[in-house]
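Single-structure report; data block below.
The values are calculated or read from the model by the stated rules, or taken from the named source; none is laboratory data. This is a predicted model, so every value here is computed, not measured. With ideal geometry, Cβ positions are generated from the backbone for all residues, glycine too; neighbour counts draw on all protein chains shown.
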């Protein structure tokens, strides 16, 4: 099978590595808004051929749209306009509700499968692509009842080859849950980085003292705004809901510290510790 | 040499493993407020003998106080009262200014070396002790000019055997910098855990969808209140300063999202990305 990847970066590139190795893809075509990025993907051997989007669509059995969610919203209707009844199109975006509304009722909606592999690193671009990025992780399929059974089956096979566990969910629930388990983590990490950069003027001290705890909390702050601004924009409502709650929790802790209410603060941490039950 | 560890948990226990292996310690004595914990440390082979605090002090060449910083503040003057002019005492606490004031002018102040190994995990107790916890990490020595040269040299040798890089700093700077690179990361992690536990009622969704990003941001929320409340208490002033800034940053992001000022938000993330220069 020939697969066409639009946006051969961290996600698209990592998929290419494993899908070729597993024999799922015999040929991999690449396209993208950045010429430089696609050239780099060629150079790294992630793709076999560089194509114009139009040609990639014509020549691919499976088209993977791995672009920021705002670009996806614009691009997807045009891609669906151009495919035939056998081809399959998927996205790998972090939000779903917005762009699924745009293609609702499209005559080729049934050839599209909405997926979100919950894997990544704080790096981006084709150089960030790594083997086994997806292995053992979870991928979400949204609103599968809108897609043809053969299309869903093909994409299930693909994620199976990537070593992922599939969870099925409606788009509205997906966007709500990802606000909690992914989007807000990035917000806190960006805010923490800004706090430290703003107030801690001795960079050398940060550099020398930063221990594992700081690094793991702040590492997401290296993530690209090109990916995340569109996510926050598309999932604005849910992200704001969670953000209000987070600010409330921090203000509560601040007040307990101001008032030196350490017993109450102790209880709050014990409650936070309950996350152990959920995240091992 | 015989070393005595008061509080054989994550830090004390991990030290014991390596200091025995490296031959730095020929005999390791253990003591602690929790009988159960010391018994566990015996069972795990972390210590050779369980001792009452009084006997541990008498029989040890080097005494490592690995207890929460509030307990340290109470215990340290008594320990110094009981030692002779050859023995050396160290702490491994996350704050320094408060308890160093308490022992200022103590006739045995010169036999004490204030240290803070910047290493740890979100787990606690003797079962959490691991080999190589400290390797390649940084340890801070505070106000070394107050300690005898031979005492400092012995403790330098110990941290060298643990594989740590030593940084020298005054206690006031230490407490300020750790507020940024350690204490605030724990606050954000606790707040994030509480936010998710409060609002996301579908635990199954968190469990299935939680990806690497969420796990790394929230893992510190498993940390023990027994350790962290005393830290926040002792470093209240610095932690509050940083917390005000963090809340300000989050409120700013929230406002940009409310106003749909995505260009401004984009710039903010680009600024946060500068953390790359400091944390590789």
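Answer with yes or no whether residue A:232 is within 30 Å of residue B:173 (Cα to Cα) and surrounded by 20 or more Cβ atoms within 10 Å (Cβ to Cβ). So residue A:232 fails the test.
Scanning segment B:152-170 for residues that are touching a residue at least 40 places away in the same chain (Cβ under 8 Å) and crowded, with 17+ Cβ neighbours inside 10 Å gives B:154, B:155, B:158, B:159, B:161, B:162, B:164. Contact map, segment B:43-62: residues that are without any contact (Cβ under 8 Å) to a residue 40 or more places away in the chain paired with residues that are crowded, with 21+ Cβ neighbours inside 10 Å and in a helix (DSSP H, G or I), Cβ distance under 7 Å, separation 6+ or inter-chain. Pairs shown: B:50/B:38. Within the option set B:205, B:221, being facing another protein chain (nearest Cβ under 7 Å), within 17 Å of residue A:242 (Cβ to Cβ) and in contact (Cβ under 8 Å) with a residue 60 or more places away in the chain holds for one residue only, B:221. Out of B:216, B:189, B:173, one residue alone is at the interface with another protein chain (Cβ under 7 Å from one of its Cβ atoms) and either surrounded by fewer than 20 Cβ atoms within 10 Å (Cβ to Cβ) or at pLDDT below 90 (or both). It is B:216. For residue B:180, the conditions (1) more than 7 Å from chain A (Cβ to nearest Cβ); (2) in a helix (DSSP H, G or I); (3) surrounded by 20 or more Cβ atoms within 10 Å (Cβ to Cβ) all hold with the exception of (1).
Mind listing whichever residues of segment B:261-270 are farther than 11 Å from residue A:191 by Cβ and assigned to a helix (DSSP H, G or I)? Passing the criteria: B:262, B:263, B:264, B:265, B:266, B:267, B:270.
Taken together, the criteria place residue B:229 among residues that are over 18 Å from residue B:241 (Cβ atoms), within 7 Å of chain A (Cβ to nearest Cβ) and either modelled with pLDDT under 85 or part of a helix (DSSP H, G or I) (or both). Residues in segment A:255-267 that are more than 7 Å from every other protein chain (Cβ to nearest Cβ) and closer than 14 Å to residue B:230 by Cα: A:256, A:260, A:261, A:263, A:264, A:267.
The set of residues in segment A:52-71 being assigned to a helix (DSSP H, G or I) and modelled with pLDDT under 95 consists of A:69, A:70, A:71. Checking each residue in segment B:74-100 for being more than 23 Å from residue B:181 (Cα to Cα) and surrounded by fewer than 22 Cβ atoms within 10 Å (Cβ to Cβ) picks out B:74, B:75, B:77, B:78, B:80, B:81, B:82, B:83, B:84, B:85, B:86, B:87. Take residue B:90 and decide whether it is under 22 Å from residue B:137 (Cα atoms) and either out of contact with any strand residue (DSSP E or B) (no Cβ under 6 Å at 6 or more places or on another chain) or outside the structural domain of residue B:238 (by TED's automatic domain parsing) (or both). It is true that residue B:90 is under 22 Å from residue B:137 (Cα atoms) and either out of contact with any strand residue (DSSP E or B) (no Cβ under 6 Å at 6 or more places or on another chain) or outside the structural domain of residue B:238 (by TED's automatic domain parsing) (or both). If the condition is being within 14 Å of another protein chain (Cβ to nearest Cβ), assigned to a strand (DSSP E or B) and more than 30 Å from residue B:274 (Cα to Cα), then segment A:86-137 contributes only A:115. Any residue that is farther than 21 Å from residue B:170 by Cβ, under 18 Å from the mean Cα position of the chain (by Cα) and surrounded by 18 or more Cβ atoms within 10 Å (Cβ to Cβ) - is there at least one of those in segment B:108-119? Yes, there is a match, as at least one residue in segment B:108-119 is farther than 21 Å from residue B:170 by Cβ, under 18 Å from the mean Cα position of the chain (by Cα) and surrounded by 18 or more Cβ atoms within 10 Å (Cβ to Cβ). The single residue among A:271, A:276, A:233, A:267 that is touching a helix residue (DSSP H, G or I) at 6+ places or on another chain (Cβ under 9 Å) and closer than 22 Å to residue B:272 by Cβ turns out to be A:233. Within 7 Å of chain A (Cβ to nearest Cβ), surrounded by fewer than 17 Cβ atoms within 10 Å (Cβ to Cβ), in a helix (DSSP H, G or I) and over 27 Å from the mean Cα position of the chain (by Cα) - does that describe any residue in segment B:238-254? The answer is yes, given that some residue of segment B:238-254 is within 7 Å of chain A (Cβ to nearest Cβ), surrounded by fewer than 17 Cβ atoms within 10 Å (Cβ to Cβ), in a helix (DSSP H, G or I) and over 27 Å from the mean Cα position of the chain (by Cα). Among the numbered conditions (1) closer than 24 Å to residue B:231 by Cα; (2) assigned to a loop (DSSP other than H, G, I, E, B), the only one that residue B:46 does not meet is (1).
Regarding residue A:43, is this residue in the same structural domain as residue A:151 (by TED's automatic domain parsing) and out of contact with any helix residue (DSSP H, G or I) (no Cβ under 9 Å at 6 or more places or on another chain)? So residue A:43 does not fit the description; no.
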